[in-house]
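Down below is the structure, laid out as structure tokens.
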Amino acid sequence: MDAVTGPTKTELRAEILLARRALAAQLHDAEARALCEHVSALIGDGETVCAYVPAGSEPGSAELIDSLVRRGVHVLLPAARDDAAGIPMALRWGEYRPGDLVAARFGLREPAEPLLPADAIARASVVLVPALSVDRAGVRLGRGAGFYDRSLPLAAPTARLVAVVRDDELVEQLPAEPHDVRMTHALTPNGGVVELG
């Protein structure tokens, strides 16, 4: 799809969010269990991983994060902050401790203080990234706030950057911008770990 004839990012976001909201709870839960099973092929015991707590109809579950912790994986979760002018900053990170999340804006849950600086993402061998869609070249469509756009350039060059999406959200092509950091993999319920690029 090209920028002239294809849908805009705003149109794509609206379409995907509508489809996610219409998803039956049973199907969402089944897909979340499948993602949990696939993640073990991606992340080894004892690794450091940046993950996130899914909100609403986002793919995944808190159980996925807990399953990593049970395997000795060191999990860092994001905390979104704006600067004094209200501009989104690179995410800060907090160590995940089961049962120790706090309510945050956008209806999210995040780690409690103290938080690590934005460059803590460089410790992770895998970064699980929330996405509305990702294409086969690794272009990710996020929600548009820019937190991950500012954070992903700080990841280690060898880190696997993994967009977590539903199967039909892995597409052939998305609109790309020069600042986009390409995903190396997608994680989908039926496809499992898919190499991109």
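The values are calculated or read from the model by the stated rules, or taken from the named source; none is laboratory data. Quick caveat, the model's predicted, so the values are computed rather than measured. All Cβ positions, glycine included, derive from the backbone under ideal geometry; neighbour counts span all protein chains shown. SASA here: full protein model, heavy atoms, side chains in, ligands and nucleic acids out. Shrake-Rupley method; radii C 1.70, N 1.55, O 1.52, S 1.80 Å.
Looking at 22, 90, can you tell me which residue is touching a helix residue (DSSP H, G or I) at 6+ places or on another chain (Cβ under 6 Å) and open to solvent by 20 Å² or more (accessible area, probe 1.4 Å)?
Going through 22, 90 in turn, just one is touching a helix residue (DSSP H, G or I) at 6+ places or on another chain (Cβ under 6 Å) and open to solvent by 20 Å² or more (accessible area, probe 1.4 Å): 90.
Condition test on residue 127, is it of a type in the set (A, V, I, L, M), open to solvent by less than 20 Å² (accessible area, probe 1.4 Å), modelled with pLDDT of 90 or more and touching a Lys or Arg at 6+ places or on another chain (Cβ under 9 Å)?
Taking the combined requirement at face value, the residue satisfies it.
Looking at (1) of a type outside the set (A, V, I, L, M, F, W, C); (2) in contact (Cβ under 8 Å) with a residue 24 or more places away in the chain; (3) under 17 Å from residue 143 (Cβ atoms), which one does residue 63 not meet, given that it meets all the others?
Of the numbered conditions (1) of a type outside the set (A, V, I, L, M, F, W, C); (2) in contact (Cβ under 8 Å) with a residue 24 or more places away in the chain; (3) under 17 Å from residue 143 (Cβ atoms), the odd one out for residue 63 is (3).
Any idea how many residues of the range 83-100 are in contact (Cβ under 8 Å) with a residue 40 or more places away in the chain and farther than 24 Å from residue 144 by Cα?
Adding up the residues that qualify gives 1.
Do we find that residue 84 is surrounded by 15 or more Cβ atoms within 10 Å (Cβ to Cβ) and either β-branched (Val, Ile, Thr) or in a loop (DSSP other than H, G, I, E, B) (or both) in this structure?
Taking the combined requirement at face value, the residue does not satisfy it.
Right, residue 193: open to solvent by less than 30 Å² (accessible area, probe 1.4 Å) and on the phi < 0 side of the Ramachandran plot or not?
So residue 193 does not fit the description; no.
Name every residue in the range 88-124 that is modelled with pLDDT under 90, among the small types (Gly, Ala, Ser) and on the phi < 0 side of the Ramachandran plot, in order of residue number.
Passing the criteria: 103, 104, 112.
Between 78, 114, 59, which is open to solvent by 30 Å² or more (accessible area, probe 1.4 Å) and either of a type outside the set (D, E, K, R) or in a loop (DSSP other than H, G, I, E, B) (or both)?
114
Per-residue answers, yes or no, for (1) at pLDDT below 95; (2) assigned to a loop (DSSP other than H, G, I, E, B):
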{"site": "1", "(1), (2)": "yes, yes"}
{"site": "11", "(1), (2)": "yes, no"}
{"site": "14", "(1), (2)": "yes, no"}
{"site": "32", "(1), (2)": "no, no"}
{"site": "45", "(1), (2)": "yes, yes"}
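Does residue 105 fit the bill of being in contact with a His (Cβ under 9 Å, 6 or more places away or on another chain) and open to solvent by 80 Å² or more (accessible area, probe 1.4 Å)? Lay out the reasoning, then the answer.
Values: in contact with a His (Cβ under 9 Å, 6 or more places away or on another chain): no; open to solvent by 80 Å² or more (accessible area, probe 1.4 Å): yes.
Taking the combined requirement at face value, the residue does not satisfy it.
Suppose we filter the range 20-44 for residues that are farther than 16 Å from residue 187 by Cβ and free of Cβ contacts under 8 Å to residues at least 24 places away in the same chain; how many remain?
Residues meeting the conditions: 5.
Which is out of contact with any Cys (no Cβ under 6 Å at 6 or more places or on another chain) and within 30 Å of residue 7 (Cα to Cα), of 70, 150?
150
Which one is least open to solvent (accessible area, probe 1.4 Å), of the residues in the range 45-56 that are within 18 Å of residue 124 (Cβ to Cβ) and without any contact (Cβ under 8 Å) to a residue 60 or more places away in the chain?
53
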